[in-house]
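*Asks:* Quick one: this structure, given as structure tokens, is what I'll be asking you about.
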Amino acid sequence: MCKMHEIAWIAGMEYRKWFSLKKMLILLFSILFLGEYIFSDMARVAEETGLSINILEPMDLVLSFQFYMLVIPLIFIVLLSGFPDKSGGNIFVMMRATRRIWLAGQFLFGLLAGVTCLGSFFAASFLWIGRGAVWQNQWSGFMTDIYERFPEIYGQNDRLFLESGTMSHGTPVRVMMMGVLLMLAYLLVMLQILCLFRLMERRKLGLLIAMGITVLGATAVSYIKSLKWIFPLTHAIFGEHFDRFYAQPLVPLWISALYFTVLNVGLLFANLYLVKRCQIADEV
């Protein structure tokens, strides 16, 4: 219990330090981008057709397409570009906790930051969709009926609709829960990559590699089908596990769970090895 208290104390301290006007402005601009490019267009089409939208469908959509969800890890990487904090203030932390406890606290803080980002996007989707959204655990007419009833509008706005493979293998709640869990697993990979290179004193290289893996993963999903499952981003997209036209399973979700487990455990061992040798408080 004492160790858990120390980990939570370190995470809480880092979380409070993380909030700043600059970081919140970056998060706000990313929210505005998704809001204007996706959420507001969904609300417009729903109003135009008279079809209702499930309150969870906007974020289900974001978490189901690579170029929408690309915004979340990229913003996350930018917001945690200095992760983990090795500044002089951590001298006092290291007097109270071991290096492994410090590292665990840093990772907990990183996941809290990721949950904050996801929560902000969820809150924004609620605001943009407005009172016209419905609360139910089934797909709305907006997703299921628009193709037959308004084919021209569907053709002009097809980027605003979930694929049949996604809807056939989950309810709105299940797709949201699986999407969030897969995204958090992906963000943990990004955290560990940032930490690995930070401990090796190669912070900028770590940023480039984390961003590069994310962008290349999104590109592979669309254009390099034979290699896409090498990249963690593919495993983080619920809809990619199923055929978009015939709704047949392509890769079981447990394979992606195993993929993230092996990848994160491997990175964790590397970080535990490096944290024993790094110098805390080597920055001001």
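*Asks:* Consider the stretch 114-124. How many of its residues are crowded, with 21+ Cβ neighbours inside 10 Å and within 12 Å of PRO73 (Cα to Cα)?
*Replies:* Count: 2.
*Asks:* Right, next: Please go through the stretch 137-155 and give me each residue that is farther than 12 Å from THR49 by Cβ and exposed (fewer than 14 other Cβ atoms within 10 Å of the Cβ), ordered by number.
*Replies:* Within the stretch 137-155, ASN137, GLN138, GLY155 qualify.
*Asks:* Could you name every one of the helices (runs of 4 or more DSSP H) located completely within the stretch 168-284 that has at least 2 residues being in contact with a Gly (Cβ under 6 Å, 6 or more places away or on another chain) and under 25 Å from PRO84 (Cβ atoms)?
*Replies:* The qualifying helices (runs of 4 or more DSSP H) are 172-199.
*Asks:* Among the residues of the stretch 83-90, are any at pLDDT 85 or above and touching a helix residue (DSSP H, G or I) at 6+ places or on another chain (Cβ under 9 Å)?
*Replies:* Yes, the stretch 83-90 contains at least one residue that is at pLDDT 85 or above and touching a helix residue (DSSP H, G or I) at 6+ places or on another chain (Cβ under 9 Å).
*Asks:* Kindly evaluate MET177 against the criterion of being open to solvent by 40 Å² or more (accessible area, probe 1.4 Å) and among the hydrophobic types (A, V, I, L, M, F, W, C).
*Replies:* yes
*Asks:* How many residues are outside any helix (DSSP H, G or I), among the aliphatic types (A, V, I, L, M) and open to solvent by 50 Å² or more (accessible area, probe 1.4 Å) when one looks only at the stretch 22-62?
*Replies:* 0
*Asks:* Right, something else. Say whether the condition of being among the aromatic types (Phe, Trp, Tyr), within 24 Å of VAL275 (Cα to Cα) and modelled with pLDDT of 95 or more is met by at least one residue in the stretch 176-187.
*Replies:* Within the stretch 176-187 (the criterion being among the aromatic types (Phe, Trp, Tyr), within 24 Å of VAL275 (Cα to Cα) and modelled with pLDDT of 95 or more), the answer is yes, since at least one residue qualifies.
The values are calculated or read from the model by the stated rules, or taken from the named source; none is laboratory data. The model shown is predicted, which means the values in this text are computed figures rather than measured ones. Note that we place each Cβ from the backbone using ideal geometry, even for glycine, and neighbour counts take in every protein chain shown. Heavy atoms of the whole protein, side chains included, go into the accessibility calculation; ligands, DNA and RNA do not. Shrake-Rupley method; radii C 1.70, N 1.55, O 1.52, S 1.80 Å.
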